[in-house]
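Below is one structure, written out as structure tokens; comments come after it.
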There are 2 protein chains.
Amino acid sequence: MKRIKLVIAYDGTNYCGWQIQPNGVTVEEVLNKALTKLLKEEIVVIGASRTDSGVHALGNVAVFDTNTTIPPEKICYALNQQLPGDIRILESCEVSSEFHPRYCDTTKTYRYMISNRRIEIPTQRLYSHFVYFPLDVQAMKEAATYIEGEHDFKSFCSKRSQVENTVRTIYELTVEENCGMIEITIRGNGFLYNMVRIIVGTLIRVGTHMYPPEYVKTIIEAKDRKKAGPKVPAKGLTLVEIKYQ
Amino acid sequence: MKRIKLVIAYDGTNYCGWQIQPNGVTVEEVLNKALTKLLKEEIVVIGASRTDSGVHALGNVAVFDTNTTIPPEKICYALNQQLPGDIRILESCEVSSEFHPRYCDTTKTYRYMISNRRIEIPTQRLYSHFVYFPLDVQAMKEAATYIEGEHDFKSFCSKRSQVENTVRTIYELTVEENCGMIEITIRGNGFLYNMVRIIVGTLIRVGTHMYPPEYVKTIIEAKDRKKAGPKVPAKGLTLVEIKYQ
């Protein structure tokens with residue numbers, strides 16, 4: 001029995017997120033079916049990040065156990081033959097049988113794209129959030145510096161979450177603008193439920209001058225979801241990478 | 001009666017191209033219906049470029065005549081309310097009643113995207129052509145220099161075309177690679193049927209070392225479609241801009 005780790009990219013547009021659920025097709029479900037068909041064993045993957053409905057991924061991670069004789073590095077190629085074009089396995093390799101993709105120290109990187117122009121470009125609409133009013137990127141950059149570091153991010157966590165410890169460390173939060181596309185990259189040791197999308201919604205309020213940049217400090221201190229900005233749509237969000245220590 | 005010029009962007013994925021035809025929905029048809037509904041007059045647009053099925057646009061152009069009292073510059077906003085998210089009018093303005101979008105001296109710019117990596121990224125699949133084998137971008141750049149200038153491009157024209165004069169001028173043809181995405185930009189005074197897609201198919205053969213770069217000169221001189229590379233898929237192609245002199 002071998003444990004195989006997969007690095008998975010997907011276009012989340014047509015999926016109800018990662019985790020199997022009754023209301024629609026999920027990435028986890030498609031992956032289990034494709035692996036079961038390919039390896040002729042009942043396969044159940046364990047995913048690292050249960051991305052929400054509509055969120056994209058460049059580097060989600062999952063593991064499964066198998067008796068297959070296919071060399072671990074070749075599984076990605078064989079599996080991609082079984083998968084629809086909106087899911088691709090970028091890498092496959094063998095890992096220790098103790099390796100669990102969630103119970104590990106990790107650094108995760110997310111990216112959020114904001115299309116900031118007068119009229120939306122149709123070919124960008126599936127992978128970015130369109131904002132009509134001009135955003136002050138300099139103010140957003142300044143606000144981002146207050147989010148970096150170790151903080152209690154309770155204000156940036158959806159109420160549905162039942163996590164007790166809401167302290168996380170953000171190693172880096174960058175805001176870059178290029179030809180009307182604002183790219184926000186955030187790297188940290190863990191993220192609360194909807195945390196990235198609430199941080200981005202808050203940065204957009206800074207970008208419209210509804211909040212001054214330093215008000216982000218007040219939001220963090222309040223430990224109150226109501227103080228932060230709204231949650232932005234899923235389609236602008238991509239899970240870029242999960243790094244294991 | 002005013003003549004209005006529109007600059008139109010669209011995601012060609014779900015359209016059978018620009019021109020009205022019986023087999024499926026086209027951009028022209030959707031635009032005529034939306035304008036007719038908005039302006040409460042029977043509107044028929046004249047398009048500048050009849051892009052093929054699956055080709056995208058950032059700057060196609062169309063004109064129509066109307067008696068509307070909506071200010072010309074506001075028509076784009078009102079019209080976008082009537083259009084699906086995969087078609088957007090970026091600009092609207094009044095032009096002379098003699099202005100015809102096709103019978104004019106123009107410079108057109110096209111872009112073609114090639115995703116050149118081991119395994120395709122799902123979020124890039126709708127807007128680029130995936131090529132598995134590593135392409136030699138330097139060789140493609142060299143081949144591009146032989147295509148620039150005034151030439152008889154008969155070898156790069158699909159047989160279906162009945163154009164008599166196949167001489168065109170390419171002002172610029174650039175090949176740039178960034179993170180596994182090869183971006184080919186081509187600017188010229190006119191393009192034959194499928195010319196951009198056949199040029200890119202030929203450059204890909206140069207990139208795989210099937211053709212040496214200077215073989216492009218032989219292809220041009222042959223004036224024979226069979227000598228050039230294959231036509232690449234539509235989904236990688238975007239009509240970026242049409243400039244009127």
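Laboratory data are not the source of any read-out in this text; all were calculated from the coordinates shown. Owing to the predicted nature of the structure, the values given are computational and were not obtained by experimental measurement. Note: ideal-geometry Cβ built from the backbone for every residue, glycine included; neighbour counts use all protein chains shown.
Points worth noting:
- For residue A:49, distant residues with modelled amide H under 5 Å away: A:61
- Residue B:50-residue B:174 pseudo-label distance in nm [points 7 Å out on the Cα-to-Cβ vector]: 3.2
- Cβ-vector label at 7 Å, residue A:230, separations to other copies in nm: 4.7
- Likely footprinting exposure, A:115, A:161, fewest C-beta neighbours within 10 Å first: A:161, A:115
- Relative contact order computed over region A:106-244 (Cα-Cα under 8 Å; 6+ residues apart), in percent: 38
- Using a Förster distance of 56 Å, the FRET efficiency for residue B:41-residue B:218 (Cβ separation, nearest 0.05): 0.55
- When each of A:46, B:147 is scored by the number of other beta-carbon atoms lying within 10 Å, the sequence from fewest to most is A:46, B:147.
- A viscosity of 1.306 mPa s and a temperature of 10 °C, combined with the Kirkwood radius over C-alpha pairs in the Stokes-Einstein formula, give region B:1-55 a diffusion coefficient of 134 µm²/s.
- For B:196, B:95, B:167, order by how many other beta-carbon atoms lie within 10 Å, fewest first: B:167, B:95, B:196
- Taken one residue at a time, the phi angles of region A:157-168 give Karplus couplings (6.51, -1.76, 1.60, θ = phi - 60°) of 10, 4, 4, 4, 6, 10, 5, 8, 8, 9, 8, 9 Hz. Gly and Pro are set to x.
- Model label points for residue A:99 and residue A:145, set 7 angstrom from Cα along the Cα-to-Cβ axis, are 3.9 nm apart.
- If you take the alpha carbon atoms of chain A and fit the smallest convex hull around them, that volume is 130 Å³ per residue.
- Annotation for residue B:137, label-to-label distances across the other copies: 2.2 nm (shortest first, one decimal, point 7 Å from Cα along Cα→Cβ).
- Considering only alpha-carbon pairs that sit under 8 angstrom and 6 or more positions apart, the relative contact order computed for region B:2-95 is 44 percent.
- Whole-angstrom Cα spans of the protein assembly as shown along principal axes, big to small: 73, 60, 39
- Cβ nearest the rotation axis (A onto B), residue from chain A and distance to the nearest whole Å: A:126, 4
- Built amide H within the under 5 Å cut-off of residue A:90, gap 5+: A:7, A:8, A:9
- Note on region B:2-95: semi-axes of the ellipsoid equivalent to its C-alpha gyration tensor, largest first and rounded to whole Å, are 21, 13, 12.
- Residue-averaged 222 nm ellipticity for the protein assembly as shown, from DSSP H runs of 4+ at -39500 (n - 2.57), nearest 500: -6500 deg cm²/dmol
- Inter-copy separations for residue A:102, label at 7 Å along Cα-Cβ, nm, ascending: 6.0
- Between region A:215-236 and region B:141-171, the Cα center-to-center distance that results, in Å: 55
- Distant-in-sequence amide contacts of residue B:54, defined by a placed amide H-H separation under 5 Å and a gap of 5 or more residues or a different chain, comprise B:15, B:17.
- Once the convex hull of all Cα atoms in region B:106-244 is built, its volume per residue stands at 100 Å³.
- Note: relative contact order over chain A, using C-alpha pairs below 8 Å and six or more positions apart, is 24 percent.
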